[in-house]
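Read-outs throughout are calculated quantities, based only on the coordinates presented, and are distinct from any laboratory measurement. Quick caveat, the model's predicted, so the values are computed rather than measured. Here Cβ is always computed from backbone atoms with ideal geometry, including for glycine, and neighbour counts include all displayed protein chains.
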Amino acid sequence: MSPEPNVPQGIDPTTPNVARMYDYVLGGKDNYAADRELAGHLIASIPDGVEALRANRRFLGRAVSYVAEQGIDQFIDLGAGLPNAGNVHEIAQSVHPHARVVYVDIDPIVIAHARALLAADDRTAAVQADMRAAETVLSSEAVARLIDFDRPVGVIFNAMLHFVTDDEDPVGIVGAFTEHMAPGSHLVISHSTVDDRPADLVEIIESAYKKASAPMVFRTYDGVLRLFNGLTLVEPGLVKVNRWHADAAEAAASGGAWIYGGVAVK
């Protein structure tokens, strides 16, 4: 594999990165050969894998629109990933032009691109932090400046908690944020599942992600449901992402079968 040009300091382009792999599958350009190689292997091996990620991205758009329509005008997007079509601030601000959004990600490349995109928008910010460290996120200057926890807030874990192992306590990670949320706040989660999925394909994905920057941890319906920390799910509850507030064509898409999604209110 030839050396990558213009690699920022501190970045390892030889280890596939889950955010850059996602970017590649969604048609982005902020990725390296190692990301494309592993993502390409998964695309070739999983017939509906690309559709799964696209279905999840569409779910995010519908979920953010729904939450904004409930009157929420401030959001924290945890593990935001590289900017792509239909970013949270774009969707939220289409409903509330004054909406405020803080993106959080541990990857410096993600943060660099987010800050470049948001440079002229004082209603949005990007924080380089690990979502596992809730107090670091919550005490950041950007969150203090843009998010008022005395009012309802939308907190988003979009396709990120399946990179958190059970030993890292994903329920506790979510709970560290939900305990700060005012009544009326909304929680958005999407998460990969093994339910009704072929065992051989699940094994291919798990094996591939062992070579990446984070493992893929599939969970069952009950495992994903526990992540909502007892908040009240809005209709239709926790369902495959292609069936959440979707039209008939979206509901028929096969890729959504890989990922559960839901929105809950405190």
Going down the list Lys211/Lys240; Lys210/Lys240; Lys29/Lys266, which pairs span over 29 Å between their C-alpha atoms? Lys29/Lys266
Please give the FRET efficiency for His41 paired with Ala120, using the beta carbon to beta carbon distance and R0 = 41 Å, rounded to the nearest 0.05. 0.60
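Dividing the Cα convex hull volume of the chain by residue count, how many Å³ per residue is that? The partial results should precede the final answer.
Numbers: hull volume 33.0 nm³, N = 266.
It comes to 124 Å³ per residue, whole-number rounded.
Can you give the % of DSSP beta bridges in the chain that are antiparallel, to the nearest 5?
Numbers: 11 of 30 bridges.
Counting only bridges with both partners in the chain, antiparallel ones make up about 35 percent.
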Can you tell me how much longer the chain between Glu179 and Glu141 gets when fully stretched, taken as 0.36 nm per residue apart minus their C-alpha distance, in nm with one decimal? 11.7 nm
Under 20 Å by backbone N from the virtual spin label 7 Å along Cα-to-Cβ at Arg151, the residues of region 49-89 are 64-78, 88-89
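Per-residue counts of other Cβ atoms within 10 Å, averaged by peptide: what ranking do you get for 196-206, 117-127, 102-112, highest first?
Values: 196-206: 13.2, 117-127: 16.5, 102-112: 21.3.
Highest to lowest by the protection proxy: 102-112, 117-127, 196-206.
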Largest-first principal axis extents of the Cα set of region 1-150 (Å): 50, 35, 28
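Relative contact order for the chain: what is it in percent, counting Cα pairs under 8 Å that are at least 6 residues apart?
Numbers: 489 pairs, mean separation 52.9, N = 266.
Relative contact order for the chain comes out at 20 percent.
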Please give me, ordered by residue number, the trypsin sites (Lys or Arg not before Pro) of region 176-252 that lie in loop per DSSP and have at most 13 other Cβ atoms within 10 Å. Lys210, Lys211
Here region 61-67 yields Karplus 3J(HN,Hα) values (6.51, -1.76, 1.60; θ = phi - 60°; whole Hz; Gly and Pro given as x) of x, 5, 5, 5, 4, 4, 4
Using modelled backbone amide H atoms (1.01 Å from N, in-plane), which distant-in-sequence or interchain residues come within less than 5 Å of Thr124's amide H? Val101
Under a 5 Å amide H to amide H cut-off, with H placed in plane at 1.01 Å, what residues pair with Ala214 once short-range neighbours are removed? Val18
May I have the extent of the alpha carbons of region 160-239 along their three principal axes, as whole Å values ordered from largest to smallest? 42, 27, 15
List, in order, the whole-Hz ³J(HN,Hα) value for each residue of region 96-103 obtained from phi through the Karplus relation with A = 6.51, B = -1.76, C = 1.60 and θ = phi - 60°; use x for Gly and Pro. 10, x, 8, 4, 10, 9, 10, 8
Quick check on the chain: helices-only [θ] at 222 nm, where DSSP H runs of length 4 and up contribute -39,500 (n - 2.57) each and the sum goes over total residues. Nearest 500, please. -11000 deg cm²/dmol
Once phi is turned into ³J(HN,Hα) by the Karplus curve 6.51 cos²θ - 1.76 cosθ + 1.60 with θ = phi - 60°, what whole-Hz value does each residue of region 135-144 show in order, with x for glycine and proline? 5, 5, 5, 5, 8, 5, 4, 5, 5, 4
